[in-house]
Amino acid sequence: MHAYLYIIIIIYIFIGYWRSSRSTDTIFSCDGVSDGCYGGYEAGDESCRDGYHGPLCGECKKGLNYINIYIIVYIIEKNPL
């Protein structure tokens, strides 16, 4: 034998969907659970938007929440650089 044949399957997940690992083809909808599912080639926490983690990206990372983000945006809008 002088060569190997490698077949690589890459699964790209649409925004709003999540899978636990790259080794699974089981895909879950994040609809109604979280807005944190970014999709893409990644899986698990790596496929979550910034500030999210966990199953279906349904948990906020420690120290982050919507109130903090809103306050930062409000301050920037009221006091532009």
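The values are calculated or read from the model by the stated rules, or taken from the named source; none is laboratory data. Here the structure is a predicted model, which means the values were calculated and not measured. Every residue, glycine as well, gets a Cβ built from its backbone with ideal geometry; the counts of neighbours run over all protein chains shown.
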Residue in the range 24-49 that is farthest from TYR12 (Cα to Cα), counting only those that are of a type in the set (Gly, Ala, Ser) and assigned to a strand (DSSP E or B): SER29
Starting from the range 1-12, take each residue that is under 19 Å from THR26 (Cβ atoms) and assigned to a loop (DSSP other than H, G, I, E, B) and list its partners that are of a type in the set (Ser, Thr, Tyr) and at pLDDT 85 or above, counting only C-beta distances under 7 angstrom and pairs at least six apart or across chains. ILE10/TYR41; TYR12/TYR41
